[in-house]
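Here is the structure we will look at.
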Amino acid sequence: QKEVEQDPGPLSVPEGAIVSLNCTYSNSAFQYFMWYRQYSRKGPELLMYTYSSGNKEDGRFTAQVDKSSKYISLFIRDSQPSDSATYLCAMSHGGTSYGKLTFGQGTILTVHP
Amino acid sequence: GAVVSQHPSRVICKSGTSVKIECRSLDFQATTMFWYRQFPKKSLMLMATSNEGSKATYEQGVEKDKFLINHASLTLSTLTVTSAHPEDSSFYICSARGERELAKNIQYFGAGTRLSVL
């Protein structure tokens with residue numbers, strides 16, 4: 001069993017839809033949670049970062065963490081074609097692991113006009 | 001803030017030659033940098049962790065003599081693919097760990113280098 005599970009999709013939605021992306025994890029030592037967006041042939045770009053259970057909002061993006069269920073989500077409101085990309089969840093133990101990240105497989109999202 | 005620059009973005013080389021990829025943190029000091037390899041439609045595979053002033057730590061299965069990493073300053077790490085072969089063709093991405101306390105658990109990524117070995 002992988003430490004982090006993420007449905008690779010692909011996920012296709014119409015413009016304006018609410019998108020829900022999810023990851024589950026098995027290691028309760030993970031304390032820091034990130035969502036990255038990666039466009040084709042580019043490096044990942046940090047979208048959201050959180051270290052506590054609950055919701056964190058930034059513009060059209062909301063990150064949700066439920067440590068008791070070992071489940072994290074990213075919601076995208078009013079999705080746009082420019083949101084079409086691969087979304088990677090990532091997690092870190094913190095402490096002396098020097099920020100080493102464990103990634104999900106990535107979900108390919110397409111938002112069509 | 002937290003900008004990471006990676007150069008070159010694309011390189012084509014002949015089999016047997018060596019290729020150097022640079023990774024720079026532009027507006028912060030990066031004591032720790034990471035090098036990844038990514039295959040098409042796959043997630044990132046960590047190759048090594050690079051700490052300024054010390055030897056890199058390689059992940060299991062990664063040949064350290066093949067992939068030479070140097071982190072000589074707080075803003076620059078380099079990856080040299082020695083005696084490259086077609087099977088080394090891939091997308092290589094570097095990242096730098098954040099500097100401030102909470103940001104030490106975040107990685108900021110470069111734009112990646114697409115290596116093609118003929």
Open item on the list: Filter segment B:80-112 down to the residues that are part of a strand (DSSP E or B) and over 22 Å from A:Phe103 (Cα atoms) and list them by number.
Closed with: B:Thr80, B:Val81
TODO: Would you point out the residue of segment B:48-77, among those that are under 15 Å from B:Ser95 (Cα atoms) and in contact with a Leu (Cβ under 6 Å, 6 or more places away or on another chain), that is modelled with the highest pLDDT?
DONE: B:Ile69
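How many of the residues making up segment B:21-37 are part of a strand (DSSP E or B) and either more than 9 Å from chain A (Cβ to nearest Cβ) or crowded, with 22+ Cβ neighbours inside 10 Å (or both)?
Step one: filter segment B:21-37 for residues part of a strand (DSSP E or B), giving B:21-25, B:32-37.
Then keep just the ones that are either more than 9 Å from chain A (Cβ to nearest Cβ) or crowded, with 22+ Cβ neighbours inside 10 Å (or both); that gives B:21-25, B:33-37.
Of the residues in that region, 10 qualify.
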Open item on the list: Any residue that is surrounded by 12 or more Cβ atoms within 10 Å (Cβ to Cβ), touching a Ser or Thr at 6+ places or on another chain (Cβ under 9 Å) and closer than 30 Å to B:His7 by Cα - is there at least one of those in segment A:51-69?
Closed with: no
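Residues checked against (1) among the polar types (S, T, N, Q); (2) part of a strand (DSSP E or B); (3) in contact with a strand residue (DSSP E or B) (Cβ under 7 Å, 6 or more places away or on another chain); (4) touching a residue at least 60 places away in the same chain (Cβ under 8 Å):
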{"residue": "A:Ala17", "(1), (2), (3), (4)": "no, no, no, yes"}
{"residue": "A:Leu21", "(1), (2), (3), (4)": "no, yes, yes, yes"}
{"residue": "A:Ser28", "(1), (2), (3), (4)": "yes, no, no, no"}
{"residue": "A:Phe33", "(1), (2), (3), (4)": "no, yes, yes, no"}
{"residue": "A:Ala63", "(1), (2), (3), (4)": "no, yes, yes, no"}
{"residue": "A:Ser69", "(1), (2), (3), (4)": "yes, no, no, no"}
{"residue": "A:Asp78", "(1), (2), (3), (4)": "no, no, no, yes"}
{"residue": "A:Gly99", "(1), (2), (3), (4)": "no, no, yes, no"}
{"residue": "A:Gln105", "(1), (2), (3), (4)": "yes, no, yes, yes"}
Task: Considering residues of segment B:81-105 that are over 12 Å from the mean Cα position of the chain (by Cα) and crowded, with 23+ Cβ neighbours inside 10 Å only, the residue modelled with the lowest pLDDT - done: B:Asn105
TODO: Report the residue count in segment A:17-49 for those that are farther than 30 Å from B:Val11 by Cβ, within 11 Å of chain B (Cβ to nearest Cβ) and surrounded by fewer than 17 Cβ atoms within 10 Å (Cβ to Cβ).
DONE: 1
Task: All positions within segment B:1-20 that are among the hydrophobic types (A, V, I, L, M, F, W, C), out of contact with any helix residue (DSSP H, G or I) (no Cβ under 9 Å at 6 or more places or on another chain) and closer than 15 Å to B:Pro86 by Cβ - done: B:Val11, B:Ile12, B:Cys13
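The values are calculated or read from the model by the stated rules, or taken from the named source; none is laboratory data. Please read all numbers here as calculations on a predicted model, not as lab measurements. Don't worry about glycine lacking a Cβ; one is built from the backbone with ideal geometry, like all the others, and counts go over all protein chains shown.
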